[in-house]
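Each reported figure results from applying straightforward, stated rules to the coordinates on display, with no laboratory input. Here the structure is a predicted model, which is why all the values come from computation and not from measurement. Ideal geometry is used to build each Cβ from the backbone, glycine not excepted, and the neighbour counts take in all protein chains shown.
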Amino acid sequence: MTHDVIIIGGSYAGLSAALPLARARRSLLVVDAGVRRNRFAAFSHGFLTQDGAPPDQVAHTGQAQLKAYETVDWSATPVAQVSGQADAFSVRLQDGTEHTARRLVLATGVSDTLPELPGLAERWGRQVFHCPYCHGYELQQGPVGVLATSALSSHQALMLPDWGPTTFFLNDVAEPDTDTLAALQARGVTLVSGQVARLEGDEALQVVMQDQRRFEMAGLFIATQILPGPLATQLGCEMDTSPMGPFVKTDALKSTTVPGVFACGDVARPAGSIALAVGDGAMAGAAVHRSLMFGL
């Protein structure tokens with residue numbers, strides 16, 4: 001089946017990209033496997049009018065509103081392969097069905113690569129976080145930990161004191177230079193040397209060191225490495241780099257380096273949130289419509 005646009009990813013950015021196109025009565029297929037990046041968090045914060053709402057509630061409400069438009073088709077079958085060029089893109093799903101479109105929007109999001117630390121993965125989104133703007137306030141100024149995973153962790157440790165007294169676990173990874181040490185001291189950050197062995201605790205998070213020292217934290221923040229899926233590479237889109245990992249390179253209108261392919265949300269940003277993803281998607285949707293009307 002042929003559509004004007006196929007949007008791969010039906011979370012916050014993809015839904016936001018689809019809405020202006022649906023309202024312009026363009027034929028759309030949204031392909032979404034339902035695996036959102038923030039699925040581990042019980043509540044989301046920082047998105048105007050939806051502050052504190054469960055993230056699946058925000059997504060499901062958006063999906064219901066979008067599906068009410070008569071030109072929108074929806075598939076929950078994951079994408080196997082993408083190919084083609086502007087005005088003749090092909091998307092093959094894992095069940096073997098193929099769809100074509102004049103334009104593609106990549107809104108696939110990214111996955112987070114977590115440190116291999118015992119007790120961390122099962123606490124991700126509950127006691128272990130990556131974004132203080134999303135989760136810091138709810139810690140109620142309790143003791144906050146930062147686990148060093150890369151050079152970016154020093155920046156995290158400098159940010160976190162606004163949300164609570166901060167302890168920076170160097171974890172045999174971070175070696176702050178003289179200027180960074182002075183900045184951490186000025187921000188009141190406590191440094192803990194040595195390797196972290198594991199995380200424990202349910203109500204109260206315990207950071208347990210290899211030498212058996214224990215530190216009770218209200219929450220722990222880490223800088224993850226992000227991993228985009230393979231679709232942008234299949235299409236030949238140029239990637240950009242950040243301290244957190246690769247992301248799809250776009251211009252101000254969310255066009256990739258491949259004509260007819262647009263990207264928005266976390267897959268096209270070095271860092272993100274629901275609010276940023278929605279804004280990205282709105283820009284992408286309007287830009288796609290403009291390209292359909294006036295050409296590339």
TODO: Quote the FRET efficiency, to the nearest 0.05, computed for Leu253 versus Ala151 with a Förster distance R0 of 30 Å and r equal to the Cβ-Cβ distance.
DONE: 0.40
TODO: Please work out how much length the chain gains when fully extended from Glu70 to Arg198, using 0.36 nm per residue of separation minus the C-alpha to C-alpha distance, in nm with one decimal.
DONE: 40.9 nm
Open item on the list: Sequence gap at least 6, Cα distance under 8 Å: using those rules, report the relative contact order of the chain to the nearest whole percent.
Closed with: 22 percent
Open item on the list: Rounded to the nearest 20 debye, what is the charge dipole size of region 36-143 about its Cα centre when +1 sits on each Lys and Arg Cβ and -1 on each Asp and Glu Cβ?
Closed with: 80 debye
Open item on the list: Give me, ordered by chain and number, the residues 5 or more places off Phe129 or on other chains with an amide H under 5 Å from its own placed amide H.
Closed with: Leu220, Phe221, Ile222
- [ ] Write out the cysteines belonging to the chain for which the nearest other cysteine Cβ is not under 4.7 Å, or none if no such cysteine exists.
- [x] Cys237, Cys264
Open item on the list: Just want the answer: with Cβ charges of +1 for Lys and Arg and -1 for Asp and Glu, which residue in Ser273, Met283, Ala53 is farthest toward the dipole's positive end in the chain?
Closed with: Met283
TODO: Using every pair of alpha-carbon atoms in region 83-189, split the distances into 5 Å bins beginning at 0 and state the percent of pairs per bin, rounded to integers.
DONE: 2, 10, 16, 17, 12, 8, 5, 7, 8, 8, 6, 1
- [ ] Could you give me the percent of Cα pairs per 5 Å distance bin for the chain, shortest bin first, beginning at zero and ending with the bin that holds the maximum distance?
- [x] 1, 5, 12, 15, 16, 13, 11, 9, 7, 6, 4, 1, 0, 0
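Treating only the Cβ of Lys, Arg, Asp and Glu as charged (+1, +1, -1, -1), what charge dipole size does the chain show about its Cα centre? Round to the nearest 20 debye.
820 debye
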- [ ] Quick one: check the C-alpha center-to-center distance for region 217-296 versus region 1-78, whole angstrom.
- [x] 15 Å
